[in-house]
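A short write-up of the structure that comes next.
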Amino acid sequence: MRSTQVQQLLEELHAKYADLRDGKVADYIPELSKADPDAFGVVIATVEGEIHEVGVSRAEFTLQSMSKPFVYGLALEDRGREFLLSRVGVEPTGEAFNSIIELEEKTHRPYNPMVNSGAIAVASMIRGEGMSARISRILDMFRRYTGRPVGVNAAVFASERETAHRNRAIAHLMRHFNVIGPEIDLALDLYFQQCSVSVTCHDLALMAATLAKGGVHPLTGERALRADLVRDVLTLMFTCGMYDSAGDWAYSVGIPGKSGVSGGIFGVVPGRMGIAVYSPLLDPHGHSIRGEAVFRELSTRLGLSVFHAGAH
Ligand code: GLN
């Protein structure tokens with residue numbers, strides 16, 4: 001498909017789904033409830049560095065759970081696969097992102113790094129002397145993916161920190177089962193900060209395109225993640241990125257994807273492109289409703305599924 005046709009397609013889908021007003025803005029983190037429910041942006045960044053954008057593509061929002069695959073990649077670089085696998089599994093839960101039940105009743109270790117329990121455990125594994133060294137390493141890692149300096153939204157961070165009783169319960173339960181060490185508050189604060197990293201839809205598409213290009217940013221040429229670890233990150237996004245609707249996403253979209261309760265959602269078409277949508281109206285799983293609709297239609301019309309005949 002030619003470049004002008006891709007742009008036209010995005011404009012068509014944006015106009016079509018702007019009318020979709022189902023869903024709710026997240027409010028369990030009070031600061032997130034201030035998001036504009038009408039905000040809607042779609043961006044595609046190809047591995048060649050071509051960008052197509054429509055709508056609200058340059059407004060900032062926080063990564064929330066979309067931070068998880070990237071921080072998992074950094075932890076893999078820091079500690080290696082074996083260490084991570086010994087503490088956090090790679091199985092889908094079939095439960096919500098903030099579930100505590102499988103941790104308590106079954107294996108006593110997080111099922112995968114895309115749900116909160118696994119992501120908090122992964123945050124505790126990031127190397128660095130104390131909080132500031134660790135968050136600096138995380139921010140520098142995100143800079144390599146976006147191609148520009150990024151920061152933490154202090155208001156969102158504070159808002160989550162004050163209200164995160166469930167995540168605190170999960171962290172303490174993991175301490176009880178020896179999944180994480182004694183620095184429980186540090187792990188939680190790091191996790192809340194990675195969730196509060198502020199990006200635009202344009203950034204998010206480039207982050208996705210960096211994963212699509214084997215870990216190298218399409219415009220800066222800088223490597224964000226070791227090539228052999230990109231596969232691990234994308235596999236977990238594919239099987240677990242959408243939690244208890246991962247099967248539906250794999251079936252209807254067919255590419256590794258990850259959502260966040262801020263309303264962002266991104267997908268990676270390996271070797272081809274990164275796609276990002278921003279629209280804060282969420283379904284009960286915490287996924288952007290317009291985002292899912294755009295991804296479904298883009299996947300069908302552009303033949304994006306990794307299992308699409310002729311995709312390779
Ligand atoms: N920071 C959020 C939380 O822990 C992230 C959840 C999400 O985006 N699904 O609840």
Quiz item: How many residues are closer than 14 Å to Asn116 by Cβ and not aliphatic (A, V, I, L, M) when one looks only at the stretch 164-177?
Solution: 5
Quiz item: Among the helices (runs of 4 or more DSSP H) confined wholly to the stretch 1-96, which include 1 or more residues that are within 28 Å of Ala164 (Cβ to Cβ), in contact with a helix residue (DSSP H, G or I) (Cβ under 8 Å, 6 or more places away or on another chain) and among the aliphatic types (A, V, I, L, M)?
Solution: 68-79, 81-87
Quiz item: Is the stretch 77-89 home to any residue that is modelled with pLDDT of 95 or more, closer than 21 Å to Arg144 by Cα and within 13 Å of the ligand (Cβ to nearest atom)?
Solution: no
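Given the residues Thr146, Thr235, which is the only one that is of a type in the set (Val, Ile, Thr), at pLDDT 95 or above and not assigned by TED's automatic domain parsing to the domain that holds Pro284?
Answer to the check: Thr146.
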Self-check item: Selection status of Met131, away from the ligand (no atom under 13 Å from the Cβ), under 24 Å from Ala59 (Cβ atoms) and among the aliphatic types (A, V, I, L, M)
Solution: no
Quiz item: Among the residues of the stretch 84-126, which ones are over 18 Å from the mean Cα position of the chain (by Cα), among the aliphatic types (A, V, I, L, M) and surrounded by fewer than 24 Cβ atoms within 10 Å (Cβ to Cβ)?
Solution: Leu84, Leu85, Ile100, Ile101, Met125
Quiz item: Is there a residue being more than 16 Å from the ligand (Cβ to nearest atom), part of a loop (DSSP other than H, G, I, E, B), among the hydroxyl-bearing types (Ser, Thr, Tyr) and at pLDDT below 95 anywhere in the stretch 99-109?
Solution: yes
Quiz item: Any residue at all in the stretch 297-308 that is surrounded by 17 or more Cβ atoms within 10 Å (Cβ to Cβ), within 16 Å of the ligand (Cβ to nearest atom) and assigned to a helix (DSSP H, G or I)?
Solution: no
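Give the residue, chosen from Ala224, Ala212, Ala205, Ala246, that is touching a residue at least 60 places away in the same chain (Cβ under 8 Å), touching a Cys at 6+ places or on another chain (Cβ under 9 Å) and assigned by TED's automatic domain parsing to the domain that holds Tyr278. Let's see the steps before the verdict.
Values: Ala224 fails: touching a Cys at 6+ places or on another chain (Cβ under 9 Å); Ala212 fails: touching a Cys at 6+ places or on another chain (Cβ under 9 Å); Ala205 fails: touching a Cys at 6+ places or on another chain (Cβ under 9 Å).
Going through Ala224, Ala212, Ala205, Ala246 in turn, just one is touching a residue at least 60 places away in the same chain (Cβ under 8 Å), touching a Cys at 6+ places or on another chain (Cβ under 9 Å) and assigned by TED's automatic domain parsing to the domain that holds Tyr278: Ala246.
Across the stretch 70-83, what is the number of residues that are in contact (Cβ under 8 Å) with a residue 40 or more places away in the chain and either surrounded by fewer than 18 Cβ atoms within 10 Å (Cβ to Cβ) or of a type in the set (Lys, Arg) (or both)?
5
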Practice problem: Please go through the stretch 257-292 and pick out each residue that is surrounded by 24 or more Cβ atoms within 10 Å (Cβ to Cβ), of a type outside the set (Gly, Ala, Ser) and assigned to a loop (DSSP other than H, G, I, E, B). | Solution: Val261, Pro280, His287
Exercise. May I ask you to list the residues in the stretch 110-139 that are hydrophobic (A, V, I, L, M, F, W, C) and either under 21 Å from His287 (Cα atoms) or in a helix (DSSP H, G or I) (or both)?
Key: Met114, Val115, Ala119, Ile120, Ala121, Val122, Ala123, Met131, Ala133, Ile135, Ile138, Leu139
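Give the number of residues within the stretch 5-51 that are of a type in the set (Asp, Glu) and over 16 Å from Val294 (Cβ atoms).
Start the filter on the stretch 5-51 by keeping residues that are of a type in the set (Asp, Glu), which leaves 11-12, 19, 22, 27, 31, 36, 38, 48, 50.
With the extra rule that they be over 16 Å from Val294 (Cβ atoms), the set shrinks to 27, 31, 36, 48, 50.
The qualifying residues number 5.
The values are calculated or read from the model by the stated rules, or taken from the named source; none is laboratory data. All figures in this text were calculated on a predicted structure; none of them were measured in a lab. Note that we place each Cβ from the backbone using ideal geometry, even for glycine, and neighbour counts take in every protein chain shown.
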